[in-house]
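This report refers to the structure that appears directly beneath it.
The values are calculated or read from the model by the stated rules, or taken from the named source; none is laboratory data. For clarity, every value in this text was computed on a predicted model and none was experimentally measured. Here the Cβ positions follow ideal geometry from the backbone for every residue, glycine too, while neighbour counts run over all protein chains shown.
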Ligand code: BGC
């Protein structure tokens, strides 16, 4: 690509088109200059390539391999897993002609109720950074780009489009920015996606300190910064702050602002040019023809099970596991047949294959005995999509009431009960002392049933370790009083998140960070310092092959780790050279700005706030009708994974509606809901009928997109 020639030949209208997306997941092609469109797709633990070149919601996507989600893969403490998964996903991207994968998501798990925790790795920045970097390396090694998301401090969902994360510089630097810093410096991602929320009163999409000073100047990032879908507020402020690409685009208003800004000088041409150069470089590096070689779907299905088995965490075992082939089992719990293997929202994959625990048990001829006639009871439970989804935070840390009742009933029988858990985040386990074993599969991907079978019957040995603390009860979590309750999300606990808090304050937990059992036993020596390295010898002292993790903590923080796999009697010495400790002293000061009033409603108000007035309720209900219709048609579909996905999609839609704002809706919906409609919504809600109508009928005049010109 001759960058200089293109930069000279691009008109300002073409530049304004180039820095914005189109058709939900593409960049704008400039046919006259032979600049092709670049195609993107979610992400992060598989590919959600929409069918057709337009936005059709989260449910209609091409079949692809649904791998374990980040909550699971982090528990393997083995970056080889995310690397291999990244390579496999990239092969599927190449096959479908996708040039950049929207993931991994590497935000810190600040609070266990965050609705997107299933998509994130850990409460620890080093673990999240290492696992994320390996995924980036895996994907990019196959010539597909990534978008590391959501930059930054995107740790809750209830106020996802307007929330304001208020944190001190020290908290940001020592915790929340760390995984991004690690990945940018070690894995050189093609792009970074900025988050929806504000950080200390400035939206991430216009946050110069984050997007330019820290990301580019300090860390040396030289790729593209794109917005999350609908995260743009003031496009000119965004370009000036370092936001290159607006997604999903097709918003006439943003192009209008750019053209006006260039004309009246409020947007310096250099700022627009910088964004164009970054985008052109990205297109040059990553746009390639689709790969005609078919994907080996069976191999990817097998890989998904191998990774899932390496991730599962054995939380408790009084000896009942592994099961013996001769054990008479009673099998209960809805998730046996209806395994929850992925989360709801933009990461929802249309699985190419699906093996539930029931499928795996049936394939091995395992019979389900009556309760009276059994030795052991297996219960398959956990969080379902109603309880955990992108778009909203969980209400509490409990398992569904019905499951708690069923578990109690089964315990009353007096036989050993094994709980096989699914779900993206920790739950309270009030019955923990009474069950014989707990195997936590997290969200294990499309072949999780096979992995569960192999682990339960001892064909494989669990070796996962928790990448997050499991508190005894939600009230023990440092941010429990305020989390997810208002626009201002004040990070007053500072860096005391997860184990950093529980350990410092001696708070008892259900299962600590780094915890996980095995069917074998290991002996570990104390760490010894040898030069600038630390060494530990691990010996498998039991009678089975198994995996164990060397976890090095310095000053109460994870400073390095390595997973090893050992045969009985085998020993190995792990050597870790920790990353140099960041000794910079950052400010601990918190600047708390007042929250905006709920009335009058503005285009930035939460959609539920419209309901405060009579007119607002009418508008709110009209929009919700569309969502209800989607729900109804999903309900009518024949049973199967497609229906499951459609129901999940409808739920997701319903949930994100409430956390939307008229502005974010318009920034997401392109020509279907232009910016003037968002303004109209606000005016009508506030009772300004004529102003509202005027907004609806005013048209945003903007030149045709290059592709429209060509079609015309
Ligand atoms: C999500 C992103 C996702 C994007 C595209 C957004 O709503 O926050 O994680 O990549 O949609 O689907």
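Per-structure values
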{"read-out": "Pairs where the first residue, in the range 21-35, is free of Cβ contacts under 8 Å to residues at least 60 places away in the same chain and the second is away from the ligand (no atom under 16 Å from the Cβ), C-beta under 7 Å, 6+ apart", "value": "26/37; 33/6; 33/9; 33/10"}
{"read-out": "Within the range 184-198, tally of residues that are farther than 23 Å from residue 41 by Cα and more than 16 Å from the ligand (Cβ to nearest atom)", "value": "2"}
{"read-out": "Enumeration of residues in the range 317-353 that are more than 16 Å from the ligand (Cβ to nearest atom) and within 25 Å of residue 114 (Cβ to Cβ)", "value": "334, 335, 338, 339, 340, 341, 351"}
{"read-out": "Filter result for the condition that a residue is part of a loop (DSSP other than H, G, I, E, B), in the same structural domain as residue 527 (by TED's automatic domain parsing) and within 27 Å of the chain's Cα centre (by Cα), over 579, 548", "value": "579"}
{"read-out": "The range 524-549, residues that are under 21 Å from residue 569 (Cβ atoms) and crowded, with 19+ Cβ neighbours inside 10 Å", "value": "536, 538, 540, 546, 547, 548, 549"}
{"read-out": "All positions within the range 1-48 that are touching a strand residue (DSSP E or B) at 6+ places or on another chain (Cβ under 6 Å) and at pLDDT below 95", "value": "43"}
{"read-out": "Extreme residue, farthest from the ligand (Cβ to nearest atom), among residues of the range 1-23 that are assigned to a loop (DSSP other than H, G, I, E, B) and out of contact with any helix residue (DSSP H, G or I) (no Cβ under 8 Å at 6 or more places or on another chain)", "value": "2"}
{"read-out": "Filtered residue count, the range 24-37, keeping only those that are within 16 Å of the ligand (Cβ to nearest atom), part of a loop (DSSP other than H, G, I, E, B) and within 22 Å of residue 703 (Cβ to Cβ)", "value": "1"}
{"read-out": "Test: residue in the range 119-133 that is closer than 25 Å to residue 343 by Cα and surrounded by fewer than 24 Cβ atoms within 10 Å (Cβ to Cβ)", "value": "yes"}
{"read-out": "Pair list, Cβ < 8 Å and 6+ apart or interchain, from the range 363-390 residues that are assigned by TED's automatic domain parsing to the domain that holds residue 325 and modelled with pLDDT of 95 or more to residues that are in a loop (DSSP other than H, G, I, E, B) and within 16 Å of the ligand (Cβ to nearest atom)", "value": "383/424"}
{"read-out": "Breaking point among (1) surrounded by fewer than 13 Cβ atoms within 10 Å (Cβ to Cβ); (2) in a helix (DSSP H, G or I); (3) without any contact (Cβ under 8 Å) to a residue 12 or more places away in the chain, for residue 633", "value": "(3)"}
{"read-out": "Condition broken by residue 513, with the remaining ones in (1) free of Cβ contacts under 8 Å to residues at least 60 places away in the same chain; (2) under 20 Å from residue 553 (Cβ atoms) satisfied", "value": "(1)"}
{"read-out": "Contacts under 8 angstrom Cβ, first residue in the range 104-126 being away from the ligand (no atom under 16 Å from the Cβ), partner at pLDDT below 95, 6 or more apart", "value": "126/579"}
{"read-out": "Every residue from the range 361-390 that is surrounded by 20 or more Cβ atoms within 10 Å (Cβ to Cβ), touching a strand residue (DSSP E or B) at 6+ places or on another chain (Cβ under 6 Å) and over 17 Å from residue 320 (Cβ atoms)", "value": "382"}
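Table: residues versus (1) touching a residue at least 12 places away in the same chain (Cβ under 8 Å); (2) away from the ligand (no atom under 16 Å from the Cβ); (3) not in a loop (DSSP other than H, G, I, E, B).
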{"residue": "599", "(1), (2), (3)": "yes, yes, no"}
{"residue": "617", "(1), (2), (3)": "no, yes, yes"}
{"residue": "629", "(1), (2), (3)": "no, yes, yes"}
{"residue": "647", "(1), (2), (3)": "yes, yes, yes"}
{"residue": "664", "(1), (2), (3)": "yes, no, yes"}
{"residue": "708", "(1), (2), (3)": "no, yes, yes"}
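Results for (1) closer than 22 Å to residue 176 by Cα; (2) under 16 Å from the mean Cα position of the chain (by Cα), shown as yes or no for each residue.
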| site | (1), (2) |
| --- | --- |
| 78 | yes, no |
| 92 | no, no |
| 98 | no, no |
| 144 | no, no |
| 155 | yes, yes |
